[in-house]
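First up is the structure itself, then whatever we jot down about it.
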Amino acid sequence: MAVILPHIEDANLTNYIPPAGEYEFFADEAHYEDKVKEWGLRAKKEYWYKDRTHQRLVTIKGYQTFGDTSSNHTIIIEFQDGNLSCIHPAYLKEMQSSNFGKELKQEPEAEKAEPKAEAPVKPAEPAVETKAPAKPAKEKKEKTAKLVLPDDKVHFTGKVKQFALSWNHFNEENDEVVVIEDLRIDGDEPIEVGLAWCSHSKTLKKFELSPGDDLDFNGKIVKKSLPKGKDVEDEAFLLDVSVPYKINNPSKIVKK
């Protein structure tokens, strides 16, 4: 049986992988919630770290980035004795499952089977080699250029497409969001984004937005998808297409 408490670590039990170099901290609670959801985790204060003989409660202190997607993040966790260790987001997510660890149990040694007498080998009959007809080469589809998102706040223009709902795992209810279409990042070289979404915050509600309203605003854009087809009572909130990007903290909003 796995030992749950106490949480006093033992280097002979836990294999720490300390982070190499600096790592990123969370700017605030909202940033923390966004990142853990991006990694497929439910936002909470502590998570289970499980091994063959023990399991421990750990906290997430930050992360290191090795690319521009969540799959290239390494989470930095802290044990209750203060030791830091690196872990892949998908592996930490697996550890939260109640079934995790069952596959780590040792299987009984297989019984040795007695060798069987080999049947006499018949001489092979002559075969006529036939060649399968060559398949026509498939046409290679051109890949769409990947959108490079700016790290800092930028200026946007766009138009309100509709309102929709996004499930909030923290309070376990739907939050109202605004879907923006024809979104463009302004600058010396404008970037056409297309669709994005943002929370319908108290600040935005003051503008009494409606579908078709043109907007100018500042904000930070991140890769976070809003799925289509959520089952809702009001068809006005039904989203018919997945929205790939999210706008965080929109400010200096101008409704035209």
- prompt: Pick from segment 13-72 the residues that are touching a residue at least 60 places away in the same chain (Cβ under 8 Å) and among the acidic types (D, E): which of them is most open to solvent (accessible area, probe 1.4 Å)?
  reply: D68
message: Go through segment 17-72 and report how many residues are assigned to a strand (DSSP E or B) and under 16 Å from N248 (Cβ atoms).
response: 1
- line: Here the residues within segment 182-204 that are surrounded by 17 or more Cβ atoms within 10 Å (Cβ to Cβ) and in contact with a Lys or Arg (Cβ under 6 Å, 6 or more places away or on another chain) are W197
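The values are calculated or read from the model by the stated rules, or taken from the named source; none is laboratory data. From a predicted model like this one, the values you see are computed outputs, not experimental measurements. Because the Cβ atoms are built from the backbone with ideal geometry, glycine has one as well, and the counts that use them run over all protein chains shown. For the accessible areas, the whole protein counts, side chains as well, though only heavy atoms, and no ligand, DNA or RNA atoms are used. Shrake-Rupley method; radii C 1.70, N 1.55, O 1.52, S 1.80 Å.
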